[in-house]
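Undergrad: Please find one structure pasted underneath; my questions will follow.
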Amino acid sequence: MHAVDTSPTSTSLIIGASSEIGQALIAQLLAAPTKTRIVAVSRSPLKLPAAVRTLNCDYTPEAIADVGQELSSLSGSIERIVICNGILHRGELQPEKRLEDLKLDNMAEVFRINTFVPALWLQVLAPLLRSTQACRVALLSARVGSISDNRAGGWYSYRASKAALNMLIQSAAIEFARRAKNVKLVAFHPGTVDTPLSAPFQRNVADGKLFTPEYVAKQLLEILRELPADGQASYLDYAGKTIDW
Ligand SMILES: NC(=O)c1ccc[n+]([C@@H]2O[C@H](COP(=O)([O-])OP(=O)(O)OC[C@H]3O[C@@H](n4cnc5c(N)ncnc54)[C@H](OP(=O)(O)O)[C@@H]3O)[C@@H](O)[C@H]2O)c1
């Protein structure tokens, strides 16, 4: 007699899973009544329940392709992908206040993590998203990536890397509308969330506007559940409101 395969038929993929928003997403998916297989990808080993399949990845193109290979061997389809990777500061790499602060190496590193790595994920995941079942893909962007919303300036690399990410998302959505109509891409602004990324910049946040990762994860999962696959990219904030590109 064959063993009955009781594993869920759909997968939720959280990339950059050490992110505090990513961790909250995983916790809420684990607690959800509708079961999904959870795959978490990170540079670092994560302490996660055994029910979560964790894959280590250093985000080189080869390592990303290897993860894609592993994912292609899973049964069922991928229903949900969240790409969390993003950097604002690290050591002497800090958001620039003026043009004199620009340093090529720092700019390149911010673009690598915020823009190029998510693009490589879309490249590797695209061939896996052919099924007739819908897949919603959220990429953690930021409102400061909106060109039309930029009134304060500064944060050159971070702003530009998220604006470029948004453009990649727009282009990919046009391609997906042709090759896999059931894929919906979302550039997601989580608001200011209490994580290491925002920690040095929380002083001027209005009362009630510094969100917990748990709140933002709940909002994102709800938004993804309700979004129709309409062949277009959406740029949405934590409340599900559209942001002008
Ligand atoms: N917190 C906020 O207020 C806020 C506001 C707007 C937008 N966002 C965006 O939300 C996303 C998640 O941020 P968070 O606040 O949860 O930050 P976080 O807890 O600091 O998480 C950092 C994320 O960046 C990835 N990362 C860090 N260094 C990396 C590197 N060298 N190479 C590749 N990936 C690297 C981590 O992936 P690993 O798991 O592989 O380490 C993780 O996904 C980011 O894209 C951020 O820009 C955050």
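Undergrad: Report relative contact order for the chain in percent, whole number only (criteria: Cα-Cα under 8 Å, sequence separation at least 6). Please list the in-between numbers first.
TA: Working: 410 pairs, mean separation 47.2, N = 245.
Computed value for the chain: 19 percent relative contact order.
Undergrad: Can you tell me the 0 to 90 degree angle between the C-alpha axis of helix 61-72 and the longest principal axis of the chain, rounded to 10?
TA: Around 30 degrees separate the two axes.
Undergrad: Among Gly22, Gly191, Gly86, determine the one that fluctuates most according to a GNM of the chain built with springs between C-alpha atoms less than 10 Å apart.
TA: Gly191
Undergrad: Follow-up. Equivalent-ellipsoid semi-axes (√(5λ), Cα gyration tensor) for the chain, whole Å, largest first?
TA: Result for the chain: semi-axes of 30, 19, 18 Å.
Undergrad: Something else now. If you roll a 1.4 Å probe over the chain with all protein chains in place, what percent of the accessible area is carbon or sulfur?
TA: C and S atoms contribute 54 percent here.
Undergrad: In nanometres, what is the gap between the two model label sites at Thr132 and Glu62, each 7 Å from Cα along Cα-to-Cβ?
TA: Here the answer is 4.0 nm between the modelled labels.
Undergrad: Residue separation times 0.36 nm, minus the C-alpha to C-alpha distance between Ser44 and Asn150: what's the value?
TA: Going from the current span to full extension adds 34.8 nm.
Undergrad: If the limit is 27 Å between Cα atoms, which of Lys97/Lys209; Lys103/Lys241; Lys184/Lys218; Lys218/Lys241 go over it?
TA: Lys103/Lys241
Undergrad: Taking only DSSP H segments of four or more residues, each worth -39500 (n - 2.57), what value at 222 nm results for the chain once the sum is divided by all its residues, to the nearest 500 deg cm²/dmol? Intermediate values should be presented prior to the final figure.
TA: Details: 6 runs with 79 residues, N = 245.
Rounded to the nearest 500, it is -10500 deg cm²/dmol.
Undergrad: So with the 1.4 Å probe, I'd like the accessible area per residue for region 10-237, rounded to whole Å².
TA: About 49 Å² of surface per residue is accessible.
Undergrad: Any idea what angle helix 213-226 forms with the longest principal axis of the chain, computed on alpha-carbon atoms, 0 to 90 degrees, nearest 10?
TA: With rounding to tens, the tilt is 60 degrees.
Undergrad: For a quick check of your reading of the filter: which GluC sites (Glu not before Pro) in region 31-108 sit in a DSSP loop and have no more than 14 other Cβ atoms within 10 Å?
TA: For GluC sites (Glu not before Pro) across region 31-108 that sit outside H, G, I, E and B with at most 14 neighbouring Cβ atoms in 10 Å, the list reads Glu92.
Undergrad: Turning to a different aspect of this structure: Enter the accessible area of His89 (Å², nearest 10), with the probe set to 1.4 Å and all protein chains included.
TA: Number for this one is 50 Å².
Undergrad: By accessible area of protein heavy atoms, probe 1.4 Å, what ranking do Met107, Met167 get, highest first?
TA: Met167, Met107
Undergrad: If you don't mind, another one. If one takes the longest principal axis of the Cα atoms in the chain, at what angle in degrees, from 0 to 90 and to the nearest 10, does the Cα axis of helix 156-179 lie?
TA: 30
Undergrad: Same structure again: Stretched out fully, how many nm does the piece from Arg98 to Arg178 gain, at 0.36 nm a residue minus the Cα gap?
TA: Value of the extension gain: 24.7 nm.
Undergrad: Separate question: Cβ under 13 Å from Ala63's Cβ, Ala63 left aside: what net charge do those residues give with Lys, Arg +1 and Asp, Glu -1?
TA: -3
Undergrad: Next question. I want the antiparallel fraction of DSSP beta bridges within the chain, as a percent rounded to 5.
TA: Around 5 percent of the beta bridges assigned by DSSP in the chain are antiparallel ones.
Undergrad: State the antiparallel share, in %, of DSSP beta bridges confined to region 8-115, rounding to the nearest 5.
TA: 5
Undergrad: Given the C-alpha centroids of region 179-225 and region 102-147, what is the distance between them in whole angstrom?
TA: Between the Cα centres of region 179-225 and region 102-147 lies a distance of 16 Å.
Undergrad: Could you pull out the chymotrypsin sites (Phe, Trp or Tyr not before Pro) across region 125-161 that fall in loop regions by DSSP (anything but H, G, I, E, B) with no more than 10 other Cβ atoms inside 10 Å?
TA: Sparse-neighbourhood loop chymotrypsin sites (Phe, Trp or Tyr not before Pro): none present.
Undergrad: Right, next: Remind me, relative contact order of region 128-225 in percent, using alpha carbon pairs under 8 angstrom and six or more residues apart?
TA: 33
Undergrad: Additional query: So the label point goes 7 Å from the Cα of Arg112 along Cα→C-beta, right? Which residues of region 43-82 then have their backbone N under 17 Å from it?
TA: 43-44, 57-65
Undergrad: Give the long-range amide H neighbours of Arg136: residues separated by 5 or more places, or on another chain, with amide H under 5 Å away, using H modelled in the peptide plane at 1.01 Å from N.
TA: The list, which skips near neighbours in sequence, is Arg80, Ile81, Lys184.
The values are calculated or read from the model by the stated rules, or taken from the named source; none is laboratory data. Here the structure is a predicted model, which is why all the values come from computation and not from measurement. Cβ sites come from the backbone with ideal geometry, for glycine too, and all protein chains shown count toward neighbours. SASA here: full protein model, heavy atoms, side chains in, ligands and nucleic acids out. Shrake-Rupley method; radii C 1.70, N 1.55, O 1.52, S 1.80 Å.
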